[in-house]
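The values are calculated or read from the model by the stated rules, or taken from the named source; none is laboratory data. Since the model is a prediction, treat every value here as computed from it, not as a measurement. Don't worry about glycine lacking a Cβ; one is built from the backbone with ideal geometry, like all the others, and counts go over all protein chains shown. The protein model used for the area step is the full one, side chains on, heavy atoms only, and it has no ligands, DNA or RNA in it. Shrake-Rupley method; radii C 1.70, N 1.55, O 1.52, S 1.80 Å.
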Amino acid sequence: MGNKQLRLGAFIMATGHHVAAWRHPGSQIDSGTNIDHYIEVAQTAERGLFDQVFVADSPGIWGTGDDESFSRQGRISHFEPVTLWAALSAVTKHIGFVATASTTYEDPYLLARKFASLDHISKGRAAWNVVTTSNDSVHGNFGLDAHPSPGERYAKATEFVDVVKGLWDSFDDDAFVRDRESGVYFHPSKLHELNHIGKYLKVKGPLNLERSRQGHPVIVQAGSSEDGKELAAATAEAIFTAWTSLGEAQAFYKDVKDRMAKYGRRPEQLLVLPGISPVIGRTEEEAQAKWAELQALIHPSVGLSTLVPYWPDEDLHRWNLDAPPPYYPEPPKGINSRAHVVIELARRERFTVRQLYEYLAGARGHWVVIGTPQTIADRMQEWFENGAADGFNVMPPVLPASLNEFVDLVVPELQRRGLFRTAYEGTTLRENLGLERPVSRHASGARLAA
Ligand SMILES: Cc1cc2nc3c(=O)[nH]c(=O)nc-3n(C[C@H](O)[C@H](O)[C@H](O)COP(=O)(O)O)c2cc1C
């Protein structure tokens, strides 16, 4: 394959990304806790030659709003990502698994061990989506009085990722000889204690697990604030992001890639993957009708609950749904950088309250593209060929139906254009993504090379 190929991830959100997906007949209604559903979805994504599947996560309950809207939300109950992917790695061969885990609330030794295990179990297909946790109501699950500030969370995240990578390098690649003849199992001189003492963490090591097939699971990052971009530039190999216009996506792409040089990294060592939520029809009319059908399933109280993070102190039920919001807030601290984009858009377009929640209902502010396989591929190609994306995180509005449609209709269109693979190139996620296997920090010259 001569041409540069785009990368595809399937971002799996239980019944689908649309807020009313669970009410749609194309969704598996109990999918958050239905392993057969996830097996089907992962195998479909693999049939479509996707690089990876991804689940978001938070160590606490998702959802906001009063009892009325809470009772109508379909994402309340769902699996923990690493255990889920460990099960699915046994029923797939090629696809990579991106699991989300929090540097604010998890323990670095246990996290390093879990992800190294997943990398061994999946034979080199694991990735860690490093998040600092955007949900500010989970601290009570961990004995904390408050959610740490964004600055504090990111400072800890930087140290945390370094510790985890250090633990993954506990054993040199050639530490294990396993020689029955001589009776030597491994070389203790090739096992390294970490002895980390930092501002936030104190971890002795070593990890009780040898280096995995990928060396390190792939590191993914999903924050877009200044701190988020720095963390990505310093350590991430893929970044998930949310943009709705080519110009904004190009600016972000250039911004994060330009930051890499000061960390001694090259732009191709970080893949920028914006989200795209495709609503696919065989004709434009069919696509628009599908979208309208989904939007009609949004109960107003659920719609309004998507606005709570923006106007936390308002009784939103008193607002006229068919007029613009009475005022626009400064995005509150603690909520993620995407909030700025959403509020600017609402102001610019003079969205009514209903239009604003309908906009957010599609995929929480990610890019929704409604059209035929050709027009959807056109938009993806435009972003890919104009410095806005190295690939996409595909966010099916309804699962499994919309992923099936993407694989059956859009993937062949991308392949016809020479933009997407027709067979997996490698056996590990790194090989498929075109990412290097990291050299251990203990290998001779590693510090210089890094
Ligand atoms: C595609 C995508 C997926 C994300 N998944 C998660 C997630 O699973 N859990 C989480 O806490 N935050 C998630 N985030 C949010 C970010 O990781 C980050 O914590 C948040 O955006 C706040 O950081 P920021 O202000 O740097 O953007 C996601 C963001 C994007 C764009």
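Scan region 149-164 and give yes if some residue there is within 13 Å of the ligand (Cβ to nearest atom), without any contact (Cβ under 8 Å) to a residue 12 or more places away in the chain, part of a helix (DSSP H, G or I) and among the charged types (D, E, K, R), otherwise no.
yes
Any residue at all in region 420-438 that's aliphatic (A, V, I, L, M) and more than 30 Å from S27 (Cα to Cα)?
As a first pass, look at region 420-438 and keep what is aliphatic (A, V, I, L, M): 423, 429, 433, 435.
Filter again for more than 30 Å from S27 (Cα to Cα), leaving 435.
Checked region 420-438: at least one residue is aliphatic (A, V, I, L, M) and more than 30 Å from S27 (Cα to Cα).
Which of the residues that make up region 125-144 are in contact (Cβ under 8 Å) with a residue 24 or more places away in the chain and assigned to a loop (DSSP other than H, G, I, E, B)?
R125, T132, T133, S134, N135, D136, S137, V138
Would you please name the residue that is farthest from the chain's Cα centre (by Cα), looking only at residues in region 50-104 that are within 14 Å of the ligand (Cβ to nearest atom) and of a type in the set (D, E, K, R)?
Out of the qualifying residues, it is R75.
Would you please name the residue that is nearest to L433 (Cα to Cα), looking only at residues in region 109-124 that are open to solvent by 10 Å² or more (accessible area, probe 1.4 Å) and either touching a residue at least 60 places away in the same chain (Cβ under 8 Å) or not hydrophobic (A, V, I, L, M, F, W, C) (or both)?
So the residue we want is K123.
In region 231-242, which residues are assigned to a helix (DSSP H, G or I) and within 10 Å of the ligand (Cβ to nearest atom)?
Result: L231, A232.
Please determine, by comparing only the residues of region 289-311 that are in a loop (DSSP other than H, G, I, E, B) and over 24 Å from the mean Cα position of the chain (by Cα), which one is surrounded by the most Cβ atoms within 10 Å (Cβ to Cβ).
Our first condition is that a residue be in a loop (DSSP other than H, G, I, E, B); within region 289-311, this holds for 296-299, 306-311.
With over 24 Å from the mean Cα position of the chain (by Cα) added as a condition, the list becomes 296-299, 311.
Details: A296: 10, L297: 15, I298: 22, H299: 16, W311: 18.
Across region 289-311, the extreme among qualifying residues is I298.
Which residue out of R23, R7, R47 is open to solvent by 40 Å² or more (accessible area, probe 1.4 Å), touching a residue at least 60 places away in the same chain (Cβ under 8 Å) and under 16 Å from the mean Cα position of the chain (by Cα)?
Criteria check complete, one pass: R7.
For region 361-386, name all the residues that are farther than 13 Å from P397 by Cβ, open to solvent by less than 10 Å² (accessible area, probe 1.4 Å) and among the hydrophobic types (A, V, I, L, M, F, W, C).
Scanning region 361-386 gives A377, M380, W383.
Give the residues of region 258-283 that are in contact with an Asp or Glu (Cβ under 9 Å, 6 or more places away or on another chain), closer than 21 Å to T158 by Cβ and either touching a residue at least 60 places away in the same chain (Cβ under 8 Å) or outside any helix (DSSP H, G or I) (or both), sorted by residue number.
Correct list: R259, Q269, L270, L271, V272.
When A99 is evaluated against the numbered criteria (1) within 29 Å of T306 (Cα to Cα); (2) surrounded by fewer than 23 Cβ atoms within 10 Å (Cβ to Cβ), which criterion, by number, is the only one it fails?
Every listed condition holds for A99 apart from (2).
Can you pull out the residues in region 216-230 that are more than 8 Å from the ligand (Cβ to nearest atom) and touching a Gly at 6+ places or on another chain (Cβ under 8 Å)?
Within region 216-230, just V218 meets the criteria.
Tell me which residues, restricted to region 70-85, are among the hydroxyl-bearing types (S, T, Y) and either free of Cβ contacts under 8 Å to residues at least 12 places away in the same chain or open to solvent by less than 60 Å² (accessible area, probe 1.4 Å) (or both).
Residues satisfying the conditions are S71, T83.
I'd like to check something: does region 399-412 contain any residue that is open to solvent by 10 Å² or more (accessible area, probe 1.4 Å) and farther than 29 Å from I298 by Cα?
So far as region 399-412 goes, yes, one or more of its residues are open to solvent by 10 Å² or more (accessible area, probe 1.4 Å) and farther than 29 Å from I298 by Cα.
Kindly establish whether D57 is in contact with a Lys or Arg (Cβ under 6 Å, 6 or more places away or on another chain) and surrounded by 17 or more Cβ atoms within 10 Å (Cβ to Cβ).
No: the conditions fail for D57.
Looking at this structure, is D119 within 19 Å of the chain's Cα centre (by Cα) and more than 16 Å from the ligand (Cβ to nearest atom)?
yes
What are the residues in region 125-146 that are more than 11 Å from the ligand (Cβ to nearest atom) and open to solvent by 20 Å² or more (accessible area, probe 1.4 Å), if any? I'd like the intermediate steps shown before the answer.
Step one: of region 125-146, the residues more than 11 Å from the ligand (Cβ to nearest atom) are 125-128, 137, 139-146.
Within region 125-146, S137, H139, G140, N141, F142, G143, L144, D145, A146 qualify.
Which of the residues that make up region 202-226 are open to solvent by 10 Å² or more (accessible area, probe 1.4 Å) and assigned to a strand (DSSP E or B)?
K202, V203
Here's the yes/no breakdown for (1) over 21 Å from R379 (Cα atoms); (2) touching a strand residue (DSSP E or B) at 6+ places or on another chain (Cβ under 9 Å); (3) within 16 Å of the ligand (Cβ to nearest atom):
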position: T244; (1), (2), (3): no, yes, yes
position: D255; (1), (2), (3): yes, no, yes
position: V272; (1), (2), (3): no, yes, yes
position: Q288; (1), (2), (3): no, yes, no
position: G303; (1), (2), (3): yes, no, no
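Could you check D255 against (1) under 30 Å from G434 (Cα atoms); (2) assigned to a loop (DSSP other than H, G, I, E, B) and say which number it fails?
It fails just one condition, (2).
Tell me which of these Y263 doesn't satisfy, since it passes every other one: (1) surrounded by fewer than 19 Cβ atoms within 10 Å (Cβ to Cβ); (2) within 14 Å of the chain's Cα centre (by Cα); (3) of a type in the set (F, W, Y).
The one condition Y263 does not meet is (2).
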